[in-house]
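Notes to accompany the following structure.
Read the figures in this text as sums done on the coordinates, not as results from a lab. Nothing here was measured: the structure is a model prediction, and the numbers come from that model. Here the Cβ is made from the backbone with ideal geometry for all residues, glycine too, and neighbour counts use every protein chain on show.
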Amino acid sequence: VSEIVGTTVEGLPKPDAPDAITYVDSASETVPGWFDPRDAMLWLAIDELQRDAGVEGDLLEIGVFLGKSAILLGYLARPGEILTVCDLFEDQPATGEVAAEHARFYEGLTRSRFEANYLRFHDDLPTIIQGSSTESLADLKDESFRFVHVDGSHSYDVVRADVATARRLCGPGGIVVFDDVFTGHTPGVCAAVWDAVVHDGLQPLATTNKLYGTWSDQAIDVAALRAALSRHPRLRVQDEHTVAGKPLLEIARSPKAAARHGLLHELTPPGAAKLARKVRARVRERRAPTA
Ligand SMILES: C[S@@+](CC[C@H](N)C(=O)[O-])C[C@H]1O[C@@H](n2cnc3c(N)ncnc32)[C@H](O)[C@@H]1O
């Protein structure tokens, strides 16, 4: 991990990443952090499903580190939607569980390093909240978010609070994503998130090493996600499971895709051309000056 942190990217030229797909496909490799391409591709697919279903709302990430996943969220935010990110950055407690986690994984993290990374890809910074997710998100409006990524503390108590925050903030059609729900060194995350599935009405949709779910009746459901993934060039449903009577999809990369190179090359025409056109139009729409 110290190798990751030691890989400074400040000062690198602005990469050629005009859209989300190019970022996922190649440019994200230049940003240190923890964000599996499988999840990046799934975020694009979910974003597309939300768009098709007319779901709108802001985006939130708890735990940005140096911006690897936040930069993708910056591409997904549509005109009028706000991306908010929350991290302790250098404001780490001196002792306790969080301090130990910071010393082990996040040494060298600063807000300015996150900002420098983010600005390599986007003209403007997101709304940045520096502080603990347990104390600094109270002002965010209830039910106004369509996508919440929880990737902050691994402490059981903090994740319990993050679950409650995500539930409060997700609006109609909103999707929440929790990281590290199977990871051996994060039992607190596993306990808090799966407890929400069993006891707190969290409807699971899919898993990678993250859990994708919703509290909304109007969100995309397992059937819609399964249908979308059946057409996906790089993702597939590896298996289907049921937890506490609730179905969910286990998502894997398709073997064909894993063996080949970039997403842009793997999409076959006319699908590739159509997707590229859509994404370019979205970027243009986002950059167009408002009246
Ligand atoms: C695993 S990293 C996030 C990885 C990141 N999403 C990426 O794409 O690489 C976890 C982050 O959560 C932050 N964090 C830890 N505890 C937190 C808390 N209570 N509130 C907000 N952020 C926290 C850490 O400072 C660290 O940057």
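Side notes on the structure shown:
- Pairs of alpha carbons in segment 62-221 whose separation is greater than 22 Å (percent): 41 percent
- Working from label points 7 Å from Cα in the Cα-to-Cβ sense, the V237 to A223 distance is 1.1 nm.
- Anisotropy class assigned to segment 19-70 is oblate, per the alpha carbon gyration tensor with a/c at or over the 1.5 cut-off and a/b no larger than b/c.
- The length gained by stretching the chain between A53 and A103 to full extension, at 0.36 nm per residue less their Cα-Cα distance, is 13.7 nm.
- Relative packing of peptides 29-38, 143-152, 215-224 - highest average C-beta neighbours within 10 Å first: 143-152, 29-38, 215-224
- Using the Cβ of A166 as centre and a radius below 14 Å, the other residues enclosed give a net charge of -3, where K and R count +1 and D and E count -1.
- Over segment 160-255 - Rg/Rh using Cα atoms and the Kirkwood inverse-distance radius: 0.96
- Residue-count net charge about D142 - beta-carbon cut-off 15 Å; Lys, Arg +1, Asp, Glu -1: +1
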